[in-house]
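Here's the structure, in structure tokens; my notes come after.
Every read-out reported here was derived from the displayed coordinates using simple, explicitly stated rules and does not represent laboratory data. Please read all numbers here as calculations on a predicted model, not as lab measurements. So basically every Cβ, Gly included, is an ideal-geometry build from the backbone, and we count neighbours across all protein chains shown.
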Amino acid sequence: LQKEMYRLDRLNLIGEMAAGIAHEIRNPMTTVHGFLQLSRHNSDNLSEEIIDLMLEELNRANSIITEFLNLAKNKVSVKVKQNLNTVIEALSPLIQAEALRSSKHIILDLGNCPDLFIDQKEIRQLILNIVLNGLDAMSSGGKLMIKTYQNGQTVVLEIKDQGRGMGPEVLEKLGTPFFTTKEKGTGLGLAICYSIAERHHAEIDIATGNEGTTFSIQFKQDQR
Ligand code: ADP
């Protein structure tokens, strides 16, 4: 029975994801289709502005497909022994600039950590997704803290925002592909984080309430 339920669960999930993709790809296609049809007899309609809009829509559809492929189960990480702090420091200018654009601040508190076997590109993506969500959640400004430390055999990466936090109705759907509360969200960010964490045998814990959210990602030392 349990096996059967598992299979149904997966079928449901595949169905939901297919519906999500169809929706996300069909929207931009409908827009571009509409513009092209309007311009069929009168290409004066194709102003630079409209062409830019169409390009933007096509780029969006393309990036949804790329993000979705990142979720593929059989994706293989390319792990190299390196320090988590180095990945964070390399990403720092980008996220600092992003935070400053909306008058928010990012504070790094990087402790002494042993090297880990990690895929730099994937971990960069994981941090970026969580940090950007944190910044999004802080609509009235504030600080976002990125902290690393060693705890026994575990290296912990903490990303703590001062945003609006999440209620149980959001929390329980977190990581489900295409679940989003944002008008322009894809709902793929955290699903990708979970799949990256899984490939790194890392665990993600979330603490959230009225005073913000803390994502805590635990990497086991020596884990390949
Ligand atoms: P997206 O950012 O495209 O919506 P995600 O999978 O990254 O997709 O996030 C899903 C949803 O989880 C978001 O729409 C938001 O409602 C919620 N969420 C994620 N991170 C946070 C956070 N730090 N604070 C509050 N809500 C969050």
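A few comments on the model shown:
- Along its first, second and third principal axes, ordered by size, the range 167-224 spans 40, 25, 16 Å in Cα coordinates.
- Area projected by the alpha carbon convex hull of the range 124-211, averaged over all directions, nm²: 6.2 nm²
- Between helix 84-101 and the chain: long-axis angle, C-alpha atoms, 0 to 90°, nearest 10: 50 degrees
- Three semi-axes describe the equivalent ellipsoid of the range 104-146; taken as square roots of 5 times the Cα gyration tensor eigenvalues and ordered largest first, they are 24, 14, 5 Å.
- If the segment from ASN62 to ASP205 were pulled out straight at 0.36 nm per residue, it would be longer than the present Cα-Cα gap by 48.4 nm.
- Compared with the dominant Cα axis of the chain, that is its longest principal axis, helix 2-38 is turned about 40°.
- Rounded to whole Hz, the Karplus (6.51, -1.76, 1.60) HN-Hα couplings of the range 206-215, x for glycine and proline: 10, 10, 9, x, 6, 9, x, 10, 10, 9
- A straight Cα-to-Cα reach below 21 Å connects LYS104 with the lysines LYS143, LYS147, LYS160, LYS182, LYS184, residues fewer than 8 places away in its own chain not being considered.
- Backbone HN-Hα couplings from phi across the range 138-148 [Karplus 6.51/-1.76/1.60, Hz, Gly and Pro as x]: 9, 5, 10, x, x, 10, 10, 10, 10, 10, 10
- Mean shadow area of the range 24-64, taken as a quarter of the surface of its Cα convex hull (nm²): 2.5 nm²
- Debye equation applied to the C-alpha atoms of the range 21-138, log10 I(q)/I(0) at 0.11, 0.15, 0.22 Å⁻¹: -0.60, -0.89, -1.19
- Exposure proxy order (Cβ contacts within 10 Å, fewest to most) of TYR149, TYR194: TYR149, TYR194
- Between the helical axis of 189-199 and the longest alpha-carbon principal axis of the chain there is an angle of about 50 degrees.
- Across the range 53-61, rounded Karplus estimates of 3J(HN,Hα) from the backbone phi angles (6.51 cos²θ - 1.76 cosθ + 1.60, θ = phi - 60°) give 4, 5, 4, 4, 5, 5, 4, 5, 4 Hz, Gly and Pro being marked x.
- Based on the Kirkwood approach, the hydrodynamic radius assigned to the range 80-182 is 14.7 Å, with every pair of different Cα atoms included.
- Rounded D (µm²/s) - the range 34-86, Kirkwood Rh over Cα pairs, Stokes-Einstein at 37 °C, 0.692 mPa s: 223 µm²/s
- Here the chain yields Rg over Rh of 1.03, to two decimals, using C-alpha coordinates and the Kirkwood radius.
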